[in-house]
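The values are calculated or read from the model by the stated rules, or taken from the named source; none is laboratory data. This is a predicted model, so every value here is computed, not measured. As a convention, Cβ positions derive from the backbone with ideal geometry for all residues, glycine included, and neighbour counts pool all protein chains shown.
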Amino acid sequence: VPLGRWVLEESVRQANFWQERHSDGGPLRINVNLSPTQLHHPRLVAETVDVLERSGLEPGALCLEVTESALIGADDDLLKPLRQLAEMGVDIALDDFGTGYSNLANLRRLPVSVLKLDRSFTRGMQQHPADPVDLKIVEGIVSLAHSLELAVTVEGVETGAQAEQLRRIGCDTAQGWYYARPGAPDRI
């Protein structure tokens, strides 16, 4: 948990720095992965609130990502801290959606506002023409997510054609090497 807190602190600090330095660039949101250990930590909410308050970053600028596998069989005690954070305005993303034991009925009870569609669905979209089955699966998931008022982020975008296709399907955001490679904060 100390490493997880450090990652959260550094991410929020960096986001705050970018926001101050590039205030004309519009709103900024920083996504931070939550480990299963952090998810079970009794002070998750208090520590997240503390980090946000000390940094001055608005809760709406933070998105905490939780893997689908970490929430399998989650009971109300495990979901309560995530609900509290969501009520404060922190976005909760269900990461790697579709890779494991997706239980669509489970989506209704999870306090998530974002589905992050795993890159395994976008690989077939890198070829030309795109794999029609992958395309239909992504279209279906985007449609379902939007009907549940969830945003969709797609991982693994590596080409302009892929990005355009995902935009046409209605994906809200995307990430991948097409947009930027990992790098030092001062190069972003």
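Numbers for the structure displayed
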read-out: Selection count where residues are of a type in the set (Ser, Thr, Tyr) and not in a helix (DSSP H, G or I), scope segment 1-39; value: 1
read-out: Selection from segment 59-79 of residues that are of a type outside the set (Val, Ile, Thr), out of contact with any Gly (no Cβ under 6 Å at 6 or more places or on another chain) and surrounded by fewer than 14 Cβ atoms within 10 Å (Cβ to Cβ); value: Gly73, Asp75, Asp76, Asp77
read-out: Given (1) modelled with pLDDT of 90 or more; (2) more than 30 Å from Glu53 (Cβ to Cβ); (3) over 18 Å from the mean Cα position of the chain (by Cα), index of the condition Lys80 fails; value: (2)
read-out: Which listed residue is of a type in the set (S, T, N, Q) and touching a residue at least 40 places away in the same chain (Cβ under 8 Å), from Thr153, Thr99, Thr159, Thr173; value: Thr153
read-out: Residues satisfying the stated conditions in segment 44-56, i.e. of a type outside the set (Ser, Thr, Tyr) and either crowded, with 19+ Cβ neighbours inside 10 Å or within 11 Å of Gly4 (Cβ to Cβ) (or both); value: Leu44, Glu47, Val51, Leu52
read-out: Given (1) touching a Pro at 6+ places or on another chain (Cβ under 8 Å); (2) exposed (fewer than 14 other Cβ atoms within 10 Å of the Cβ); (3) closer than 18 Å to Cys171 by Cα, number of the condition Val133 does not satisfy; value: (1)
read-out: Residue within segment 83-102 that is assigned to a strand (DSSP E or B) and of a type in the set (Val, Ile, Thr) present; value: yes
read-out: In segment 1-17, the residues that are surrounded by 15 or more Cβ atoms within 10 Å (Cβ to Cβ) and more than 18 Å from the chain's Cα centre (by Cα); value: Arg13, Asn16
read-out: Evaluation of Pro185 against (1) within 24 Å of Ala15 (Cβ to Cβ); (2) touching a residue at least 24 places away in the same chain (Cβ under 8 Å); (3) within 17 Å of the chain's Cα centre (by Cα) (one fails), failing number; value: (3)
read-out: Residue within segment 110-120 that is free of Cβ contacts under 8 Å to residues at least 60 places away in the same chain, within 18 Å of Ala161 (Cα to Cα) and assigned to a helix (DSSP H, G or I) present; value: yes
read-out: Selection count, segment 41-77, where residues are charged (D, E, K, R) and within 19 Å of the chain's Cα centre (by Cα); value: 3
read-out: Selection within segment 126-183 - under 21 Å from Ala105 (Cα atoms), part of a loop (DSSP other than H, G, I, E, B) and of a type outside the set (A, V, I, L, M, F, W, C); value: Glu149
read-out: Subset of segment 143-162 (residues that are within 17 Å of Cys63 (Cβ to Cβ) and of a type in the set (Ser, Thr, Tyr)); value: Thr153
